[in-house]
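Notes follow the structure.
The values are calculated or read from the model by the stated rules, or taken from the named source; none is laboratory data. Keep in mind that what you see is a predicted model, and the values were worked out from it rather than measured. Neighbour counts run over all protein chains shown; Cβ positions are idealised from the backbone, glycine included.
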Amino acid sequence: MTILGRLKSWEGLLLGLLAVIVVMNILRSPYFLGAGNIANLFQLSIEKIIVALIMTLIIINGEIDLSVASIMGLAACVLAWLFQMGASLPIAIVGGLLAGLAAGLFNGFWVAYVGLPSLAVTLAGLIGFRGIARILVEDRAIGGFPVWFNTLGQQGILGPITASILIFAVLFAIVAIVLHGSALGRLVYVIGNNLQAARYSGVRVQSVKMTLFAASGLIAALAGILYAARLGSVRGDMATGFELDIITIVLLGGVSIFGGSGNLAGVGLSILVILNLRNGMGLANITGNTQTSVIGALLIFSVLAPNLAQNLQRRWIGRKT
Amino acid sequence: MKTNLLAAASIAALVAMTGAASAVDIAPGKAMDMVLLPKFLGILPFDQAHQGAEEAAKELQNSKPLQFLGPTPENSVAGQIEITTNATTQGVAAIMISNNSGDQIVPSAKAAQAKGIKVVTWDSPIPSAEGEDVFVAQVDFTETGKVMADMAMGILGADGGKFAILSASPDAANQNAWIAAMKDALKDPKYAKLQLIDTVYGNDQSEASYNQANALVDKHPDMKLIMAPTSVGIVAAAKALQDGKLCDKIKVSGLGVPKEMVAYTMNGCAPQFALWSFVDLGYLSYYTAYGLASGAIKAEEGATFKAGRMGEYKITKDPTRAKGLRVLMGPFSIYDKKNVEAAAK
């Protein structure tokens, strides 16, 4: 691809947008470039961007997982519940991860082996897993975890870089290798592009889908536990609504909601765009509903823009002929 | 001299004169960035506190504008942490927090203090008091329990009855302290006929609180009163009962804003409720934070200062939190049919 072609691509657009936002942030706030602020910028949304990585694979594969935020809440609540019942924290963490894995396998079973649409299955999961989380913790806030757990979620281990940020970096590398450098990654695209063709050419569609949903459950659980460590306490309504933020990050990254196209570089850029925008507005003392609206407007624009452009182009060509 | 004193109408002036020996005058005119962080944006009491803080900012001639920043209700906990973190990055002089995040705010508040920022809590403190310089308490939290028990007795009469509490969020330290104080007060034999049967949480969101009130009605057919120590919950509960045409069977009480409650008090749904002035609370919080940040006062037991029109205040140990310091504002105003209309104006 030529340089011009690259710039015209979706990633080019995101890169331009990112540059504008970063320059604006630098001009507007003298604190933006501090190492501590850059770490905070990731840290304050770290759980969402961790889950966005696995969501990228799921959506490219032509599916969706709406239950991730509920699984985050479920894992945190299982952890808190076990801890309160007297289990040691490492065991409670394993319990939380297993609960997430089980939830993922449950989703995967209905989607991959029974053939139900993932939209319906994971919508049920969104409600059901949240319900279990709320039953476990009820209307309480469970806290009082050992100091090391809270430190893990809140303090830097390499300068200002926290364990969560390191985990994100490692996962990013793993997902990049799986998606763009492995046989499994190619299958994810093939299935997302054309499910029937993939089936007829002998691709093991079921096991690919099962693997993805199980991984989604496990990673969401990990993110939920990191969220609990960052906040230092657990509530039944933790992470409610996160699934929409996570999915919008992926869509803004240029991943097609119909599956089959998109790449991790785009999602990485989309993460940077949203985090820098949020942070910049925070430093400019724009908070609350205004912040939500600005990010919302950006997302609406960015999801509509490519479709509109395509539409106009088609009409233009139509008129010429 | 004596006539002069009598002529001074304001009690505040009197207090200020008698205590002049020890109370610190906070010198105005310092330019300092200060952040007022409510639990979330968009409810009346916090806007009133903002108004009071602006009034104090003007009196103290702070040329830097007061930043009134808050999260959205559904993102309150993570949002408060984010705003505190960003304010720390900006190196403001003081942050005034109505804490809705339990001890979850502690790491970010500590980080702020480590950077030399004064952290003053108001309305709702940090439960462990870690990361907090001083808490500006609206009323004595033990007193709140008694006031609520008295109102319940007053409404239900000598026969008492069953009642439930509709609170805000399970992380709100002030709510939890008041509920605990009320449970404590109920141990007194004179409240023996009052029976607390349930506590539910509407998270200070109107719709959730409305639904919780309706759920209480369905769950407990013999319930006679909903006690909501939250300005959002009390309105939602009163509306739920009014919509269900249940006001002659079940009453609402708790802590509410006269302006929002006047209709329900006049029609008998909420015969009696209490509150303090949020304008004054914002005003006093600003004076406290400004005094600490400018170095005029130190966050230690016994420090005494003058807070403009409100008079003299002293920093003391907080009896409700082992390691905490507080400035106690007080007192309560009780509202009923007789005075609610005047207060709502």
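General remarks:
- Lone unmet requirement of (1) in contact with a Phe, Trp or Tyr (Cβ under 9 Å, 6 or more places away or on another chain); (2) not in a helix (DSSP H, G or I) for A:Asp237: (1)
- When residues of the range A:106-122 are limited to those that are surrounded by fewer than 16 Cβ atoms within 10 Å (Cβ to Cβ) and hydrophobic (A, V, I, L, M, F, W, C), the one nearest to A:Arg204 (Cα to Cα): A:Val114
- Taking the range B:251-345 and the helices (runs of 4 or more DSSP H) fully enclosed by it, the elements with 2 or more residues that are in the same structural domain as B:Glu59 (by TED's automatic domain parsing) are at B:278-293.
- Helices (runs of 4 or more DSSP H) enclosed by the range B:1-77 - at least 2 residues per element that are closer than 20 Å to B:Gly282 by Cα and at pLDDT 95 or above: B:44-59
- Qualifying residues in the range B:40-67 (those that are within 14 Å of chain A (Cβ to nearest Cβ) and under 17 Å from the mean Cα position of the chain (by Cα)) - the one farthest from A:Gly241 (Cα to Cα): B:His50
- If the condition is being surrounded by fewer than 21 Cβ atoms within 10 Å (Cβ to Cβ) and within 14 Å of chain A (Cβ to nearest Cβ), then the range B:16-39 contributes only B:Asp33.
- Residue ID - nearest to A:Ala223 (Cα to Cα), chosen from residues in the range A:239-271 that are among the β-branched types (Val, Ile, Thr) and surrounded by 21 or more Cβ atoms within 10 Å (Cβ to Cβ): A:Ile246
- Top-ranked residue of the range B:238-250 - restricted to ones that are in contact with a Cys (Cβ under 9 Å, 6 or more places away or on another chain) and part of a helix (DSSP H, G or I), ranked as surrounded by the most Cβ atoms within 10 Å (Cβ to Cβ): B:Ala238
- Restricting B:Asn203, B:Asn211 to residues that are under 30 Å from B:Gln48 (Cβ atoms) and in contact (Cβ under 8 Å) with a residue 60 or more places away in the chain narrows the list to B:Asn203.
- Candidate set: the range A:157-170, residues that are of a type in the set (Gly, Ala, Ser) and under 22 Å from the mean Cα position of the chain (by Cα); chosen: the one farthest from A:Ile225 (Cα to Cα): A:Ala169
- Filter pass, B:Ser206 being surrounded by 21 or more Cβ atoms within 10 Å (Cβ to Cβ) and in contact with a helix residue (DSSP H, G or I) (Cβ under 9 Å, 6 or more places away or on another chain): no
- Verdict on A:Leu126 being under 22 Å from the mean Cα position of the chain (by Cα) and either of a type in the set (Asp, Glu) or surrounded by fewer than 18 Cβ atoms within 10 Å (Cβ to Cβ) (or both): no
- Positions within the range A:67-100 being surrounded by fewer than 22 Cβ atoms within 10 Å (Cβ to Cβ) and within 19 Å of A:Met210 (Cβ to Cβ), in sequence order: A:Leu97, A:Leu98
- A:Asn40 touching a Ser or Thr at 6+ places or on another chain (Cβ under 8 Å), in contact (Cβ under 8 Å) with a residue 40 or more places away in the chain and assigned to a helix (DSSP H, G or I): yes
- Any hit, the range A:268-275, residues being within 14 Å of chain B (Cβ to nearest Cβ) and part of a helix (DSSP H, G or I): yes
- Residue in the range B:69-89 that is more than 10 Å from chain A (Cβ to nearest Cβ), within 18 Å of the chain's Cα centre (by Cα) and of a type in the set (Val, Ile, Thr) present: no
- Residue count for the range B:184-193 satisfying the condition of being under 25 Å from the mean Cα position of the chain (by Cα) and over 16 Å from B:Thr144 (Cα atoms): 0.
- Sole residue being surrounded by fewer than 21 Cβ atoms within 10 Å (Cβ to Cβ) and out of contact with any Phe, Trp or Tyr (no Cβ under 9 Å at 6 or more places or on another chain), chosen from B:Val232, B:Val217: B:Val217
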